[in-house]
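Structure first, commentary second.
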Amino acid sequence: MRAHCLVVAKAPVPGLAKTRLGERVGMEAAAGIAAAALLDTLDVCAEVVPPGQRHLALAGSLARAARSREIDVALAGWIVSDQVGDAFGERLARAHAEVARRADGPVVQIGMDTPQVTGDLLLGAARGLDDHDAVLGPAEDGGWWVLGLRDPTDAVVLADVPMSTPGTGAQTRRALVDRGLRVGTTRTLRDVDEAADADAVAGFAPRTRFSAAWSAAAGVRR
């Protein structure tokens, strides 16, 4: 994949990561589940993106994170930077700007909430930039799970989009179109926020670390 891959993630620290899942399985277990999702995501990106084109914008410290040693190993070949800003939209915009500062070329950005993502899905989003200025992958909850930008500085519009609402996807698309961009669409995926999401995603992708971690914590046999 010629595009850079940008993962925007939260360090899987107990009590700070996947707290809604933590209400079901406990905060320590939830952090382990978040770590598994992050590791799955990093692995998929590494399958299709060469070293030096993989970027992680991280909130929090890996020193206190679950599975921190595994994550450190998985980050070989990655460029890691801290998230900067207050609102999540601002942090997203600045993460894209940091990639643009370091390198030329398009960017495909995802989070850590879709551990079922595959290399083919990332490649499809990147290919969409051949014919569009931006590619947006809708999430079932009304948000989005992937954003591809031919020019990552166009992510400046995200700073004014309310995130984590049922209207985030539509408002993001509108902001990109209002900037004059041609916006393509890729496959819809389900984010993992609640226990029902975790059940569905773990069943869909049973060979992932995420599925193993969630199934063990929730007492689900697969």
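The values are calculated or read from the model by the stated rules, or taken from the named source; none is laboratory data. Please read all numbers here as calculations on a predicted model, not as lab measurements. Here Cβ is always computed from backbone atoms with ideal geometry, including for glycine, and neighbour counts include all displayed protein chains.
Condition check ((1) farther than 13 Å from GLN109 by Cβ; (2) more than 17 Å from the chain's Cα centre (by Cα); (3) in a loop (DSSP other than H, G, I, E, B)) across all residues:
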{"residue": "VAL146", "(1), (2), (3)": "no, no, no"}
{"residue": "VAL157", "(1), (2), (3)": "yes, yes, no"}
{"residue": "SER164", "(1), (2), (3)": "yes, no, yes"}
{"residue": "ALA170", "(1), (2), (3)": "yes, yes, no"}
{"residue": "ARG174", "(1), (2), (3)": "yes, yes, no"}
{"residue": "VAL177", "(1), (2), (3)": "yes, yes, no"}
{"residue": "GLY184", "(1), (2), (3)": "yes, yes, no"}
{"residue": "ARG187", "(1), (2), (3)": "yes, no, yes"}
{"residue": "ASP193", "(1), (2), (3)": "yes, no, yes"}
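If you go through the range 10-54 and pick out every residue that is part of a helix (DSSP H, G or I), without any contact (Cβ under 8 Å) to a residue 24 or more places away in the chain and of a type outside the set (D, E, K, R), you end up with 3.
Of everything listed in (1) in a helix (DSSP H, G or I); (2) within 17 Å of LEU122 (Cα to Cα); (3) within 13 Å of the chain's Cα centre (by Cα), the single unmet condition for LEU6 is (1).
Restricting the first member to the range 99-115 and to residues that are acidic (Asp, Glu), and the second to residues that are assigned to a loop (DSSP other than H, G, I, E, B), the beta-carbon pairs closer than 6 Å and six or more apart or on different chains are ASP113/ASP191; ASP113/VAL192. With respect to the conditions (1) at pLDDT 95 or above; (2) surrounded by fewer than 19 Cβ atoms within 10 Å (Cβ to Cβ), GLY169 lacks only one, and its number is (2).
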